[in-house]
1. Output the relative contact order of the chain, whole-number percent, from Cα pairs under 8 angstrom with separation of 6+ residues.
2. If packing is taken as the average number of other Cβ atoms within 10 Å across a peptide's residues, how do 395-402, 409-416, 258-265 rank, most packed first?
3. Going through the range 129-193, which chymotrypsin sites (Phe, Trp or Tyr not before Pro) have at most 16 other Cβ atoms within 10 Å and a DSSP loop state?
4. Quick one: Kirkwood hydrodynamic radius for the range 173-291, alpha-carbon pairs, angstrom, one decimal?
5. From the square roots a ≥ b ≥ c of the eigenvalues of the alpha-carbon gyration tensor of the range 77-211, which class results: rounded (a/c under 1.5), prolate (a/b over b/c), or oblate?
6. Which angle from 0 to 90°, rounded to the nearest 10, does the C-alpha axis of helix 91-118 make with the longest principal axis of the chain?
7. Counting only C-alpha contacts under 8 Å and six or more residues apart, can you give the relative contact order of the range 313-417 as a whole percent?
8. Relative to the longest principal axis of the chain, what angle (0 to 90°, nearest 10) does the C-alpha long axis of helix 200-224 take?
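We did not get these values from a lab; they are worked out from the coordinates using the rules stated. Bear in mind the structure is a predicted one, so any value in this text is a computation, not a measurement. No Cβ is skipped: glycine too gets one built from the backbone with ideal geometry, and neighbour counts run over all protein chains shown.
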Amino acid sequence: MEDKATAKMDTMPVGRLLGSMALPMMLSMLGQALYNVVDTLYVSRIPDAGEMAITALTLAFPIQMVIMALGVGTGVGVNALVARLLGMGKRREASNAAGNALFVSLLYFLGLFFFGLFGARAFILSQTQNGQIAEMGIVYTRIISVYSLGTLGYMCLEKITVATGRTKITMMTQIAGALTNIILDPILIYGWIGFPAMGVRGAAIATVVGQFVSLIMLGVLYLRKDPILAIHLTDFKPRREILAPLCHVGLPAIAMQILVPIMSYSMNRILAMISEAAVTAYGIYYKLQNFIFMPAYGLNNASIPIISYSYGAGHKDRIHTCIRWALIDVTLIMAAGVVLLEGFPSPIVSLFAVTADTAGICVMALRLISWGFFFAGVNIILQGVCQALGQGTCSLFISLMRFIIVPLPMAFLLSKIAQAQIYVWLSIPAGEALGALLALFLTLSWYAREPHEERARQGTIVRTY
């Protein structure tokens with residue numbers, strides 16, 4: 001008998017299905033965005049070192065994004081593969097795929113563990129010559145890397161759970177982790193209720209504890225909720241016929257996500273040629289941007305299993321309807337973000353304890369960059385469509401345009417002109433705009449050839465079965 005979770009993927013109206021799956025995911029992603037925003041808000045108020053602490057977290061942020069990239073990339077691969085296999089009625093193979101994805105996450109953790117021990121210092125020192133900022137950045141980077149298992153494990157198991165349509169569990173566990181971080185941050189940073197004041201070290205510890213709380217809660221709830229996928233230890237054994245399709249989507253997704261920390265690291269170095277205040281302002285902007293973009297990524301994460309399942313089940317009309325609704329919804333999200341950042345940038349930036357110079361640069365950056373949000377929304381949704389349909393390479397091309405090909409050369413050139421601290425920010429919306437044009441072209445190309453291809457039931461991602 002077909003269970004409720006998979007039955008609704010077949011029969012529930014697509015708009016309602018997307019809404020029911022997206023809302024918990026959006027709240028979950030907002031909880032994830034809280035980690036970085038809350039850390040930055042609290043460390044900005046460390047006596048006599050707040051702005052330097054923000055800069056230190058900005059320099060460490062690319063490694064946080066690498067951890068996210070590995071987690072998201074593996075998660076996207078297993079999400080699309082599991083949803084597709086469930087759509088084809090292959091539940092045992094779906095469990096094998098889930099176990100292999102968790103095994104891959106463990107391998108990534110080992111790599112990050114050794115990077116944290118031996119590579120964190122060189123990474124931070126490549127971005128700053130300020131000794132105090134460097135030491136804070138090294139401490140933060142080392143802790144989040146050595147204890148990255150919480151993030152990697154959670155993100156993989158979260159996407160496995162989402163692929164079966166159970167998004168409420170992930171929402172609860174993500175919010176629980178975020179609340180843990182919010183509570184622990186001031187206690188560990190400032191030394192409340194008898195704890196020693198640990199500053200940036202305390203912020204890092206609070207973050208990893210919150211992530212482990214989410215992972216443990218999700219593991220317990222997943223096992224107690226009669227999971228659709230029964231994952232056994234034998235499923236962790238690497239199998240080429242599983243890893244091949246998993247990598248087919250997962251590796252391009254990881255490569256796509258890795259471009260974000262590459263952009264962030266490069267922008268840190270470019271902005272450092274302008275001023276240290278510009279680097280700090282960029283860090284604040286990126287944390288605020290995540291608060292707008294995370295709901296869009298939640299919508300993306302909800303649409304991927306719907307499209308993948310429908311692709312596997314041969315429901316082409318549901319694929320088209322899902323894409324249409326996702327684009328409408330993401331436009332509304334981005335419009336709200338533009339109104340917020342264009343209308344109230346000064347009060348928002350004033351939440352962070354920074355100098356008037358840094359605040360002014362940040363307000364200007366928010367106003368210039370936010371108009372690119374509409375293009376970013378199109379990119380986020382259409383990249384998810386490419387991943388869901390097994391076209392991970394197309395998604396990678398879009399990311400290259402958004403994060404590398406356009407913004408970095410443009411930012412470097414603009415950093416050399418007069419009033420660089422104004423014009424350098426235009427490179428970011430320019431990348432989003434050209435990325436959106438490429439995304440539309442690739443999606444329309446798929447629409448043009450899709451009626452002539454029989455991929456619905458035997459897509460390239462599952463041909464090895």
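1. Once divided by the residue count of the chain, the mean separation gives 24 percent.
2. Taking the mean over residues of other Cβ atoms within 10 Å, the ranking is 395-402, 258-265, 409-416.
3. Values: sites: Y140, Y147, Y154, Y190, W192; in loops: Y147, W192.
In loop regions of the range 129-193 (DSSP not H, G, I, E or B), the sparsely surrounded chymotrypsin sites (Phe, Trp or Tyr not before Pro) are W192.
4. Working: mean 1/r = 0.0547 Å⁻¹.
The Cα-based Kirkwood calculation yields 18.3 Å.
5. Since a/c reaches 1.5 but b/c is at least a/b, the shape of the range 77-211 is classed as oblate.
6. 20 degrees
7. Values: 48 pairs, mean separation 30.1, N = 105.
Once normalised by length, the contact order is 29 percent.
8. Tilt of helix 200-224: around 20 degrees.
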